[in-house]
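Working notes for the structure below.
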Amino acid sequence: MNLDYNEGLALFSEVAGLVKSDITGTQEVVVCSPFIHLQSLVQLAKGHDKVSIGAQNAHQAESGAYTGEISAKMIKSVGAAYVILGHSERRQYFGESNELLAKKTDTALANGLKPIFCIGETLQEREANQHFDIIKSQLVEGVFHLDEASFSKLVIAYEPVWAIGTGVTASSDQAQEIHAFIRKEIAAKYNQQIADDTTILYGGSCNPKNAPELFGCPDIDGGLIGGASLKARDFVDIVKVFN
């Protein structure tokens, strides 16, 4: 929840310009903005083959008396392609459960959106050595009800909640360990091919300095970038790691 309408468009324009000039690989950049920016960003992104637009949340119902909420159909109707579901802040501040997020995932998929489904443990859970159990339950209860075709449309994002906005970053070994665990669980539920093809992002105080080490890990496919995305140069420098 940053930047007003004009500030958001200015930041996006700067990011899109830098991506066009600096990104030489096959990376895809997804910008997930506040709802007020979505329609305008979709228009600005037209003709840009590396940049897609997404929302930061969606309601679980198709429509109805949910004043102040935004449906997946509304998001899709402006041309957005992605939606973030289950971000740690949604879980923490708005009490979103795995059961609720399973419904949100179903509705997003039914409306042709690609969910970026977030999972991750708190500091208390990690210190209690519960992180693997927490991750597994978030997968099982949130998305493992999907059939193979539907699951294949997801992006998974691992967020160590204790490393978000704190300046503390999971070590590359810690991040790789969890990402490998996630991929192993996907393979056990579906098959190895689906596990290998699933994009698993790391989110947690990622910046241009630590990005090369984090993204050098075999099971980390990209980043869910928060604070660093508010600075166009920093954000694109992170993307450049994959050039």
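The values are calculated or read from the model by the stated rules, or taken from the named source; none is laboratory data. Model, not experiment: these values are computed from the prediction. For neighbour counting, all protein chains shown are included, and Cβ atoms are generated from backbone atoms with ideal geometry for every residue, glycine included. Each accessible area value is taken on the protein alone, full model and side chains, heavy atoms only, with ligands, DNA and RNA left out. Shrake-Rupley method; radii C 1.70, N 1.55, O 1.52, S 1.80 Å.
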Evaluated at q = 0.21 Å⁻¹: base-10 log I(q)/I(0), Debye formula over Cα of the stretch 1-100: -1.12
Solvent-accessible area per residue, Å², over the stretch 1-61 with all protein chains present [probe radius 1.4 Å]: 52 Å²
Value of Rg to Rh for the stretch 128-204 (Rh from inverse mean 1/r over Cα pairs, i.e. Kirkwood): 0.97
The chain: most fluctuating residue of Ala157, Ala128, Ala58 per GNM, C-alpha cutoff 10 Å: Ala128
Surface share of carbon and sulfur [accessible, 1.4 angstrom probe, percent] for the chain: 50 percent
FRET efficiency estimate (nearest 0.05) - Cβ-Cβ, Phe94 to Asn243, R0 51 angstrom: 0.90
The stretch 171-243 versus the stretch 102-116: alpha-carbon centroid distance in Å: 22 Å
Per-bin percent of Cα-Cα distances, the stretch 150-243 [10 Å]: 17, 48, 28, 6
Lys, Arg +1 and Asp, Glu -1 on Cβ, resulting dipole of the stretch 41-126 about Cα centre, debye, nearest 20: 300 debye
Relative pair counts by distance (%), Cα atoms of the stretch 47-185, 10 Å bins: 11, 41, 33, 14, 1
Leu3 versus Glu62: modelled label distance in nm, points set 7 Å from Cα along the beta carbon direction: 3.5 nm
Largest-first principal axis extents, alpha carbons of the stretch 1-43, Å: 31, 19, 15
Nearest-20 debye value, the chain charge dipole, Cβ charges on Lys, Arg, Asp, Glu: 560 debye
Cβ-based charge dipole, the chain, positive-most Cα from Leu230, Ile53, Tyr190: Ile53
For the chain, convex hull of alpha carbons as volume per residue, Å³: 122 Å³
Whole-angstrom gap from the stretch 1-44 to the stretch 117-150, using each part's C-alpha centre: 30 Å
The stretch 58-137 pair-distance distribution - Cα-Cα, 5 Å bins, rounded %: 3, 15, 23, 23, 15, 9, 7, 4, 1
HN-Hα J in Hz across the stretch 78-85 - Karplus 6.51, -1.76, 1.60, θ = phi - 60°, x for Gly and Pro: 8, x, 6, 10, 10, 8, 7, 10
Å² per residue, accessible surface of the stretch 84-221 at 1.4 Å: 45 Å²
Computed [θ] at 222 nm, deg cm²/dmol, the chain (DSSP H ≥ 4; -39,500 (n - 2.57); rounded to nearest 500): -13000 deg cm²/dmol
